[in-house]
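Heads up, the thing below is written out as C-alpha cells.
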Amino acid sequence: MNPTPEKLALRGDLLDFTGLPGWAELDSPAVRYRPDHWLLIENGRIAGCQPEAPDASWTRQDHAGKLILPGFIDTHVHCPQLDVIASYGTELLDWLNTYTFPAECRYADPAVARHGAARCLDALLAHGTTSAVVFPTVHKVSAEALFEEAAQRGMRLITGKVLMDRHAPEALRDDVAGAERDCIDLIQRFHGRERLAYAVTVRFAPTSTPGQLAMAGALCRADASLYMQTHVAENRSEVEWVSQLFPDARSYLDVYAREGLLHPKAVLAHGIWLDAADRKVLADSGAQVAFCPSSNLFLGSGLFDWVAAREAGFAVSTASDVGGGTSLSMQRNLLDGYKVQAMAGQRLTAWAALHAATLGAAQGLGLQQEIGHFGLGTLADFCVWDWACGPVARARDERVKGLHERVFAWMSVSDERNLVASDVAGRPRYHRSDHIAP
Ligand code: GUN
Ligand code: ZN
C-alpha cells in the first residue's frame, strides 16, 4: 500500500448524516448527499469538501461514480467467535456451551489471541468497518492483542477483558480480585492511548457473581471515561435464568442498573425482552442498545422493538454480533434489521439504518468529534463502495427513482464484495485489488 500523502483529495458520491433522520422519513434534512464532490483530507483529518477538483498541491484519488461513506462502526462483535460463525442448530444458552465457550478457550494461548485479533480487525476493515466495540475473551492477553493490533492499524477500538467468574468452563473463569487487577493494569496501559479505550466488559449477568458485578460497577464509578459493554435481555430462557439468579432485581436490566453499570458510555447488546420501565431507565442513563439483527434471527432470540426505543428516547446502534451474527457486513445486518422491523409492521429507512451504523453509533459512544461523519476536523475514516456489483444489482441500480430508493437498494443487495477501499485516518488499510481471491 502507498504511503499517505499529507494532502489527499477524494472524488466520489459522498453520503453522511448531520442529525437523526425521522423514523420512516424518506426525504430527510439530516441526510447530506454530495454527488461527485471532492473530499479534502489533510494530515488524516477532513479539511473540506467541494464540487471542483482541488489544485495540484493535493494528491487526487478519483473514485467518480462510486459511493463514499464514513467507515461503519460495529458496536458489538466478538473477536474469537469468527471461528464459530454459522454454527448449526441451537439457541443462545446451548450455543454458548456447544460452540462459543470451546472456541474462546483457545485464546488462553497468546499466539492464538494475537493471530485472532489481527484476523478480526483485518476482516472488519475488509467489510467496511473502521471502528468497533469488541468482546475478546476472559484472558487478559486477548484484550492486549486487540489493543496492540488496533493501534498498529490506527483504528478506533473499544474493548476490555471479559469478566466471567461463574457458569462457564473452568478455563474461562476468573475471580474478582484477579479480574480487578487485570482490568486496572489494562486501563493504565491502553485506555486513552491513541484511539483506544477500555470497556469494563461484563459478559452477561449469569456469568458474573454479585461480587464481580459490584467490582465492575466500582470501576465505572471511579472513572466516567470508561466504557461498559454487556448483553441484556436477548433470549427468553436467559431472561428467566437471570430472574432466578437475581430474585431481588426488578428486571434483567435492573441487575446492571443497581450496580451503576448503566451510564452514557454503556453499550448493551440486544435489549429485545425489555419492558417500558426498562426503556425509561435506559433513556435516563444515556446508555445505548446495540441492535444485532442477524444474530437475533439466527439464534431465534426475538424481534427488537426499535420504534419503542425511539419513543423512549435511548440511542440504538447496529452491530454484527458475530459469531451469533452471520456476517460482518453491515449492509447484511441492516437488511436483516429492515426485515425484523417489517415483522412488526414497521419500515426501516436506509437513512435510519445507515445513521445507526455511522453518526448514531458515534454519538452513542460520545465520539462524534472523531468518527461517523464527514464534518470538518474529524478523522478521515471512510470507505469507497461500488454502487452495484453483478448484473442483478446493476440492473436494479439503473432503474432506481430518487436517492432513497437508490441507497436502499444498495443497502439491500450489496455486501463486502462492493467494497473498493477502507481508509483509517486517511491511510489505506484495505484495498480490493490487494485481495483478489486465488
Ligand atoms: N450472551 C452472553 N454471551 C453471549 C455471546 O457471546 N453472544 C451472544 N449473542 N449473546 C451472549
Ligand atoms: Zn454478543
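The values are calculated or read from the model by the stated rules, or taken from the named source; none is laboratory data. Everything quoted here is computed from the prediction, not taken from an experiment. A quick note on method: Cβ atoms are made from the backbone with ideal geometry, for glycine too, and the neighbour counts reach across all protein chains shown.
In the set Asp284, Asp254, only one residue is more than 16 Å from ligand 2 (Cβ to nearest atom), crowded, with 16+ Cβ neighbours inside 10 Å, charged (D, E, K, R) and in a helix (DSSP H, G or I); that residue is Asp254.
When the helices (runs of 4 or more DSSP H) confined to segment 66-134 are screened for residues that are surrounded by 18 or more Cβ atoms within 10 Å (Cβ to Cβ), away from ligand 1 (no atom under 15 Å from the Cβ) and within 19 Å of the chain's Cα centre (by Cα), those reaching at least 3 such residues are found at 110-125. Scan segment 224-241 for residues that are among the hydrophobic types (A, V, I, L, M, F, W, C), more than 16 Å from Gln288 (Cα to Cα) and surrounded by 22 or more Cβ atoms within 10 Å (Cβ to Cβ) and the total you get is 0.
One residue alone among Ser327, Ser301, Ser320 is within 16 Å of ligand 2 (Cβ to nearest atom), touching a Ser or Thr at 6+ places or on another chain (Cβ under 8 Å), polar (S, T, N, Q) and more than 15 Å from Ile73 (Cα to Cα), and that residue is Ser301. In segment 226-245, the residue that is nearest to ligand 2 (Cβ to nearest atom) out of those that are charged (D, E, K, R) and out of contact with any Ser or Thr (no Cβ under 6 Å at 6 or more places or on another chain) is Glu238. Do we have Leu359 as in contact with a His (Cβ under 6 Å, 6 or more places away or on another chain) and under 20 Å from Val289 (Cβ atoms) here? Criteria met by Leu359.
Rundown of residues vs (1) of a type in the set (Gly, Ala, Ser); (2) in contact with an Asp or Glu (Cβ under 8 Å, 6 or more places away or on another chain), yes/no style:
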| residue | (1), (2) |
| --- | --- |
| Thr207 | no, yes |
| Ala218 | yes, no |
| Ala233 | yes, yes |
| Gln244 | no, no |
| Asp254 | no, yes |
| Val267 | no, no |
| Trp273 | no, yes |
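Across segment 383-407, the number of residues qualifying as at positive phi and either under 23 Å from the mean Cα position of the chain (by Cα) or among the charged types (D, E, K, R) (or both) comes to 0. Among the residues here, Ala361 qualifies as under 14 Å from the mean Cα position of the chain (by Cα), among the hydrophobic types (A, V, I, L, M, F, W, C) and part of a helix (DSSP H, G or I). Filtered by the rule that a residue be within 16 Å of ligand 1 (Cβ to nearest atom) and either within 22 Å of Val77 (Cβ to Cβ) or touching a Phe, Trp or Tyr at 6+ places or on another chain (Cβ under 9 Å) (or both), segment 218-242 gives Met228, Gln229, Thr230, His231, Val232, Ala233, Glu234, Asn235, Arg236, Glu238, Val239, Val242.
Would a scan of segment 334-345 turn up a residue that is crowded, with 24+ Cβ neighbours inside 10 Å and aliphatic (A, V, I, L, M)? There is at least one residue in segment 334-345 that is crowded, with 24+ Cβ neighbours inside 10 Å and aliphatic (A, V, I, L, M). Of note, Leu359 satisfies the criterion of being in contact with an Asp or Glu (Cβ under 8 Å, 6 or more places away or on another chain), away from ligand 2 (no atom under 16 Å from the Cβ) and either closer than 26 Å to Glu238 by Cβ or at pLDDT 95 or above (or both).
For segment 200-220, the condition holds for at least one residue, the condition being that it is surrounded by 24 or more Cβ atoms within 10 Å (Cβ to Cβ), under 30 Å from Thr378 (Cβ atoms) and in contact (Cβ under 8 Å) with a residue 12 or more places away in the chain.
Against the conditions (1) within 13 Å of ligand 1 (Cβ to nearest atom); (2) assigned to a loop (DSSP other than H, G, I, E, B); (3) more than 21 Å from the chain's Cα centre (by Cα), Pro247 satisfies every one except (1).
Screening segment 201-225 for residues that are outside any helix (DSSP H, G or I) and within 16 Å of ligand 2 (Cβ to nearest atom) and picking the one that is farthest from Ala179 (Cα to Cα) gives Phe204.
Residue count for segment 386-438, restricted to those that are part of a strand (DSSP E or B) and of a type in the set (Phe, Trp, Tyr): 1.
I'd like the full set of residues that are away from ligand 2 (no atom under 16 Å from the Cβ), within 20 Å of Asn418 (Cβ to Cβ) and touching a Ser or Thr at 6+ places or on another chain (Cβ under 6 Å), limited to segment 46-84.
Within segment 46-84, Pro70, Gly71, Phe72 meet the criteria.
The residue list Ser320, Ser327 contains one member that is assigned to a loop (DSSP other than H, G, I, E, B), within 16 Å of ligand 1 (Cβ to nearest atom) and closer than 24 Å to Leu226 by Cβ, which is Ser320.
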